[in-house]
Amino acid sequence: MAVLVTGGAGFIGSHLVEALLERGEEVWVIDNLSTGDLKNIWHLFENPRFHFVRGDILDEQRLAETMRYCHKVYHLAAAVGVKLVVHDPLGTLETNVRGTENVLKLALRYGCKVLIASTSEVYGKDVQNDHAKFSEDDDIVLGTSIRWGYACSKALDEYLARAYWRQKGLPIVIARIFNTVGPRQTPAYGMVIPRFVQQALRDEPITVYGDGKQVRSFCWVGDTVRALIGLMETPEVEGEIFNVGNDEPITIEELAIRIKEMTNSDSEIIYVPYECAYGSGFEDIRYRVPDISKIRQAIGYEPTLNLNEILERVIAYERRQLMLARR
Ligand code: UDP
């Protein structure tokens, strides 16, 4: 029996597919290539255990034709990110809610176990208190602006999956993925590290949004993938929610300074008001760092790369990309 990765042509998805193939699995990918890219998986087509279906998770029949060969589903396909939901709220909600419902319904029909890729966005506003790590049992506060539709749709996915587990006995596990970084991550949807690195390598201004005092922690994509496989392969964690990330915090301002230094860049660091970056009424999360004690305890997960090591790798990757583009 094979493993299905929905959204397997995306950034995290393609790294997950590579890791699963390395483990000897037969892997199917379904992806509509909306934000995913064939470039991310070209190198896998020569592997006879790799199968690709261009299709949408909203297309129930196509999804069914793919899922019937599989016994495990990593469900990563989604309309990703806050920027997208602001531009296409209806499409985002439909894909994330109805798409996930399709996956769960068919998983029940074909006897699949499902890992739901959720997001740190579901924690909503960081109202608890300053500088508290997010932990899985925290209450959630979402706002009313359309930006929160993304978090709301992913939170609903979590409730749906847990309801299928509780009422129908469907084996599921939920991963709340925090900021993840690595090769193939496109800066097109705003992701801060590839953006800053590209800006620094081109000696363009490094654009810090707001006052730059907002805090994030960044996880190497290889560590994220290891965590996802670990959760899928541990029957004891079924029905549970886990943070997946790295808990080393840094302000975005410090991040800009560090990237400028590490690239020996002449870039100027500039501060851009949020309304210029995201439009009016945007609310950023001031402090987003995961508490990873639950996943540590459950599957022995530990991030293997610290931020400097992650940045070194991303800088080397982006340098190569820039050289190739200039040839
Ligand atoms: N950010 C920034 N400059 C950029 C892109 C992003 O200052 O050019 C900020 C963004 O406002 C946020 C942080 O960096 O506070 C992380 O942004 P990203 O989109 O990577 O992830 P998320 O907002 O989902 O944590």
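The values are calculated or read from the model by the stated rules, or taken from the named source; none is laboratory data. As the structure is a computational prediction, the values presented were derived from the model and not from experiment. Ideal geometry is used to build each Cβ from the backbone, glycine not excepted, and the neighbour counts take in all protein chains shown. All accessible areas refer to the heavy atoms of the entire protein, side chains included, with ligands and DNA or RNA removed. Shrake-Rupley method; radii C 1.70, N 1.55, O 1.52, S 1.80 Å.
Using a 1.4 Å probe and counting only protein heavy atoms, arrange VAL127, VAL225 so the residue with the most accessible area comes first.
On the way: VAL127 85, VAL225 10 Å².
Order by accessible area, largest first: VAL127, VAL225.
What is the calculated FRET efficiency for TYR110 to HIS43, with r their C-beta to C-beta distance and R₀ = 35 Å, to the nearest 0.05? Don't jump to the answer; show the numbers that get you there.
Values: r = 29 Å, r/R0 = 0.83.
According to the calculation, E is roughly 0.75.
What number comes out for accessible area per residue over the chain if the probe is 1.4 Å? Units Å², please.
Working: 14610 Å² over 327 residues.
Normalised by residue count, the accessible surface of the chain is 45 Å².
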query = If you put +1 on each Lys and Arg Cβ and -1 on each Asp and Glu Cβ, how big is the dipole of the chain around its Cα centre, in Debye rounded to 20?
reply = 760 debye
task = Identify which of GLU236, GLU46, GLU18 has the largest mean-square fluctuation in a Gaussian network model of the chain, with springs joining Cα atoms closer than 10 Å.
result = GLU46
query = How far is the Cα center of segment 297-318 from the Cα center of segment 255-283, in Å?
reply = 22 Å
query = GNM on the chain, C-alpha springs below 10 Å: top fluctuator among ASP157, ASP284, ASP247?
reply = ASP284
Residue of HIS71, HIS43, HIS51 that the Gaussian network model of the chain assigns the largest fluctuation, springs spanning Cα pairs under 10 Å = HIS43
request  = Could you name the lysines whose alpha carbon sits less than 19 Å from that of LYS125, not counting residues in the same chain fewer than 8 places away?
outcome  = LYS83, LYS133, LYS154, LYS213
remark   = The relative contact order of segment 56-173, taking Cα pairs under 8 Å that sit 6 or more residues apart, comes to a percentage of 31 percent
remark   = Once the dipole of the chain is set up from charges on Cβ (+1 Lys and Arg, -1 Asp and Glu), the residue from the list THR304, ILE270, ASN47 lying farthest towards its positive end is ASN47
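Quick one: pull the percent of accessible area on the chain belonging to carbon and sulfur, 1.4 Å probe, ligands and nucleic acids left out.
On the way: 7060 of 14610 Å².
Ligands and nucleic acids excluded, carbon and sulfur give 48 percent.
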